[in-house]
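Below: one structure, written as structure tokens.
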Amino acid sequence: MKKTLVFLLVIILSTPLLAGPQNYKSRKKLLKENAELLQRIEQLEAELEAFRTDAAERAAIETELSGENENKVAAALEDYTSSTDTLLGQWYMHRRSRSSAREQYNMDSVRFTTDVPDSVLMQRLTAMNSFITLPYNETVKNYMILYSEKMPRKMGEMMGLSEYYMPIFEETLRRYDLPEELKYLAVIESALNPRAESRVGALGQWQFMYRTAKSYGLRIDSFVDERMDPILAVDAAARYLRDAYRIFQDWPLAISSYNCGSGNVNKAIKRAGGKTDFWDVYEYLPRETRGYVPAMVGAMYAFRYASEYGLVAEPMSMPIYVDTIHVHRNLHFAQVSELLGIPMDDLRDLNPQYHKDIVPGASGDEILRLPFNYTSPFLDLADSVYNYRKAELFTDAVKDGRAVVSGRPVATSRPGSTGQWVIYKVKSGDTLGKIARRNHCTVKQLMNWNKLKNDRLSIGQKLKVSRK
């Protein structure tokens, strides 16, 4: 019907009665024009559908980005707590007691002075050649001085930790084609402490709130909290920041939304009359978020020019070379520590996501990070390690299909092994996080079941899902 109408319209507009004999067109030419019009209409319909899909996906992403994060406070910018059950935890708390003056500064009112001329600060900032725009103004200058001159001990701690953690962050950000400078957000969020917890419950180096973490596929249960896993948490943070940039198309605003949620950034944009430059919306952002981007610039500057200020990394006991072991049986840190001689503190610091000292391998493929020099002994003595003190640390009792480990039940079957497969068809606005929540599984399980290499989905794509 549509094709017929277009054809008739072309004929009517081309008749000598309306346009004159000189404009008479042959039937062959009319058919050609009709085909071209139909092709253009199809292109416009495809573009419209793509726009609708993109709008739906953007709306879904905005929903993911808002919520809990609108009440989040970065632990490094407040009086955070830290677990002290390891030497690393005690290291944090001991040094924090000596350098807590940093938390006393009211950055909205304090104005620092420095012997370094503005011209030098500006030149250094330009020389950093950052992918993310680094404007120089009094607010940014204040944070540059704060990080480079006012807290040398804290900077020494973070520089020491960065030698272990920054290569992990850089590799992940490169994989998602994101600016490497985003790694400094973890400095602002948590001072690189994997166990940092804010007063509102944000946890880990990247300070994920509970629901936001679950939305981005991080596992949280009685044994595991992947918000404290340095590798998995930065992967989730990278995906969050990628989504935020897709919404705001501006890195300072995307970074701000990581701190206060997309809802608060959108409110600030509306109050600024629709302007989308960070400094135009600056005064309308929540108080803490106003200092978030300048603090990131200040941290970047201090790390880059540490030698100019005599800042030296404090030595850390974290091993630089680490290997990963796949675990398919329940494993207690005590078994590894006592049989192989690895200090418990080292196991806890390398595997902070296992907050009960138990790797629940019976419920699926889990990983254990070990200092490189302990990998071969573990593999050579694997059976002995798993059986060591097994009767004391684990029981063989099974309740409701779950083994009891140190008094707590742990699933003993693999995902899908006791259930029934169903096929889920991807709809507009779907993400792996949403599909996982809807089907009571994890993003990791969805990716394993469907052999997915990344989290990209297409409308109509069919996914295999196990429901128990």
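The values are calculated or read from the model by the stated rules, or taken from the named source; none is laboratory data. As the structure is a computational prediction, the values presented were derived from the model and not from experiment. FYI the Cβ positions are ideal-geometry reconstructions off the backbone, even for glycines, and counts take in every protein chain you see.
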**Request:** Would you check if there is a residue in region 253-271 being closer than 30 Å to Asn137 by Cβ and in a loop (DSSP other than H, G, I, E, B)?
**Result:** yes
**Message:** I'd like to know if region 97-107 contains one or more residues that are modelled with pLDDT of 85 or more, under 22 Å from Tyr292 (Cα atoms) and not in a helix (DSSP H, G or I).
**Reply:** no
**Prompt:** Quick one: is Ala313 surrounded by fewer than 19 Cβ atoms within 10 Å (Cβ to Cβ), modelled with pLDDT of 95 or more and among the aliphatic types (A, V, I, L, M)?
**Reply:** no
**Prompt:** Across region 299-358, which residue is nearest to the chain's Cα centre (by Cα) among those that are under 23 Å from Ser162 (Cα atoms) and of a type in the set (Ser, Thr, Tyr)?
**Reply:** Tyr354
**Message:** Go through (1) out of contact with any Ser or Thr (no Cβ under 8 Å at 6 or more places or on another chain); (2) at negative phi; (3) crowded, with 18+ Cβ neighbours inside 10 Å for Asp365 and report which single condition fails.
**Reply:** (3)
**Asked** Could we say that Glu180 is surrounded by fewer than 18 Cβ atoms within 10 Å (Cβ to Cβ) and under 20 Å from Leu253 (Cα atoms) here?
**Response** yes
**Prompt:** under 30 Å from Asp357 (Cα atoms) and at pLDDT 90 or above: does that describe Glu197?
**Reply:** no
**Prompt:** Is there a residue being buried (at least 17 other Cβ atoms within 10 Å of the Cβ), at pLDDT 95 or above and closer than 30 Å to Lys150 by Cβ anywhere in region 280-289?
**Reply:** no
**Request:** Go through region 246-274 residue by residue and tally those that are of a type outside the set (S, T, N, Q) and touching a residue at least 60 places away in the same chain (Cβ under 8 Å).
**Result:** 9
**Message:** under 21 Å from the mean Cα position of the chain (by Cα), farther than 25 Å from Glu314 by Cβ and at pLDDT 95 or above: is that true of Leu178 in this structure?
**Reply:** yes
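Rundown of residues vs (1) under 26 Å from Ala436 (Cα atoms); (2) part of a loop (DSSP other than H, G, I, E, B); (3) in contact with an Asp or Glu (Cβ under 9 Å, 6 or more places away or on another chain); (4) not hydrophobic (A, V, I, L, M, F, W, C), yes/no style:
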| position | (1), (2), (3), (4) |
| --- | --- |
| Phe169 | yes, no, yes, no |
| Thr172 | yes, no, yes, yes |
| Val187 | no, no, no, no |
| Arg199 | no, yes, yes, yes |
| Arg211 | yes, no, yes, yes |
| Ser222 | yes, yes, no, yes |
| Arg227 | yes, no, no, yes |
